[in-house]
Amino acid sequence: MVGWSSERIAAAAGARLVAPPPVRSPDLAGPTRVTIDSRDIQAGDLFVGLVGENVDGGKFAPQALAAGAWGVLVAPEHADAARCARPGALLAADDPLLALQRLATAWRRDLGARVIGITGSTGKTSTKDILFGMLRPHRRTVATPQNLNTEIGLPLTVLGAPAGTEVLVLEMGMRGEGQIAELAQIAEPDVGLIVSIGPVHLELLGTVERIAAAKAELLAGLPEGGVAVVPANEPLLEGLIPPHVRVVTFGEGGDVASLAGIELPFDAAHLRRNALGALAAARAIGVEPSGPIEVALSDRRGQRHELPSGVVVVDDCYNANPMSMRAALDELARAPGRRVAVLGDMLELGPDEVAFHEEIGAYARDGRSDLLVTVGPLAAHMGGDHAAADAAEAAAVVRELVTEGDTVLIKASRGVGLQAVAETLIA
């Protein structure tokens, strides 16, 4: 937001300007970056002090100013307390998070960029990564880093986009009803891409129908004439797509069903399906990708590590649900040599969690893995060859089991911490 005055920032954020920066100069107008971490302050930053579960970030306003911040946006009591600190812009808002979100919306409008929102039960991060690879050669594009897809991460992504950005690709996570609607209100997307609908967060929402309705909040947030990109033949979205948008389907039998002319650095079926959704979104804003596409998948989303020992480690342990487990096991089934599946608990699946784990165990043993190691009390219901209580035990077990030529899939919900297994093998 270089070039924005303190008065303009206050107005955009719905905040009160307690004190302007001490030096008013065209070269110094506006912050160079927005951050919520006082430990990461760089000269010229705007520090937004959010109220967390354990810590009120606004208390660190004096430290942020002392570290060279252009200014702080904090609750009124913290703005007053920071008056005696190193001079800087002081902005006060009763709800700093809401102020951050309003500021992001204002910057999004000022950029004039096309905005593509992406959500889904599984595959949204990899689809975001693929779409970024497709758009980058054609448009100045900014995409959500890793998975900063929350009511905090999304506005920070928007505010991190430099002037001249032409496309924003924003991943939108969901933990309950109304959250996607909130993110769409901040981002004001032109295109909404729903990658998939499946049994994720059942502990919170209860049924896949309610999950579909929560994901469809993205489509309801599109403007008149906006583009809804959805999976072909998805019955769970019937009646949830608003009449004011243009619908483009992807996948078998859909409007976008072929990747002809595009070269991708992977051949996994689930990633190629996600690429169809990304291609449909790219076309929705007038971009036609072709030729080799460079894709850097976010951490722990199926990265393959070929070790000097001849073992291949597939690190897919960022998160897991029944849909993504099946997709990963289908890919493991194609591997040469012995196929080792290290599968941990899938969390937030509600009252049917045991049945889901039993089904995945049967799916893994049905010709998709030669050796199954389970990790955690829920995964034990998969009926593996070895059952580990936790990630540390699994790391020790797997290290002794793997041999040259093995392909090892490591996958579980993030809370299981299976990265310890991947790191042990890679080390």
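Here, each number is a calculation from the coordinates, and none is a lab measurement. What you are looking at is a predicted structure, and each value in this text was computed from that prediction instead of being measured. Glycine gets a Cβ as well: all are built from the backbone with ideal geometry, and neighbour counts include every protein chain shown.
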Problem - 5 angstrom amide H check on THR122, placed H, neighbours 5+ away - result: SER196
Handout entry: Ranking of ILE241, ILE211 by count of other Cβ atoms within 10 Å, fewest first
Key = ILE241, ILE211
Practice task
Count neighbours as other Cβ atoms within 10 Å of each site's Cβ, and list the GluC sites (Glu not before Pro) in the range 206-238 that are DSSP loop with at most 12 such neighbours.
Solution key: GLU224, GLU238
Handout entry: Considering only the chain, percent of DSSP beta bridges that pair antiparallel, nearest 5
Key = 15
Problem - Sequence ranges 97-103, 124-130, 420-426, ranked by mean other-Cβ count within 10 angstrom, highest first - result: 124-130, 97-103, 420-426
Practice task
Rounded to the nearest 0.05, what FRET efficiency do THR403 and ALA85 give with R0 = 56 Å and r taken as the Cβ-Cβ distance? Could you check?
Solution key: 0.40
Problem - Relative contact order of the chain, defined on C-alpha pairs under 8 angstrom at six or more residues apart (%) - result: 11
Completion exercise
Expressed in nanometres to one decimal, the distance between label points 7 Å along Cα→Cβ at ASP385 and GLU7 is 7.3
Handout entry: Dipole-positive endmost among ALA341, PRO20, THR374 within the chain (Cβ charges, Cα centre)
Key = PRO20
Fill in the blank from the handout: The aspartates and glutamates whose Cα lies under 15 Å from the Cα of LYS124, excluding any fewer than 8 residues away in the same chain, are GLU171, ASP299, ASP316
Completion exercise
Per the 1/(1 + (r/R0)^6) rule, R0 = 22 Å and r from the Cβ atoms of GLU209 and ILE152, FRET efficiency to 0.05 is 0.15
Exercise for the section: List the residues of the range 140-180 whose backbone N lies under 15 Å from a point placed 7 Å from the Cα of GLN42 along the Cα-to-Cβ direction. Expected result: 157, 159-163
Fill in the blank from the handout: Cα extents of the range 299-361 along the principal axes, largest first, in whole Å, come to 43, 24, 15
Problem - Where only C-alpha atoms are counted, convex hull volume of the chain per residue in Å³ - result: 155
Problem - Point-charge dipole on Cβ atoms (K/R +1, D/E -1) for the chain, about Cα centre, debye to 20 - result: 1280
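Based on Cα coordinates alone, diagonalise the gyration tensor for the range 6-99, multiply each eigenvalue by 5, take square roots, and list the semi-axes in whole Å, largest first. Don't jump to the answer; show the numbers that get you there.
Numbers: eigenvalues 65, 41, 28 Å².
Equivalent-ellipsoid dimensions as semi-axes: 18, 14, 12 Å.
Tell me, what is the percent relative contact order of the range 46-187, built from C-alpha pairs under 8 Å that lie six or more residues apart?
21
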Completion exercise
Computed over all unlike Cα pairs, the Kirkwood hydrodynamic radius of the range 235-362 in Å stands at 17.4
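Give me PHE356, PHE266 sorted ascending by neighbouring Cβ count inside 10 Å, so fewest comes first.
Details: PHE356 20, PHE266 16.
Ranking PHE356, PHE266 by Cβ neighbours within 10 Å, fewest first, gives PHE266, PHE356.
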Completion exercise
Out of GLN146, ALA427, LEU168 - ranked by how far each Cα lies towards the positive end of the dipole of the chain, with unit charges on the beta-carbon of charged residues - the top one is LEU168
Fill in the blank from the handout: Here the tail fraction of P(r) beyond 18 Å, over all Cα-Cα pairs of the range 303-426, rounds in percent to 42
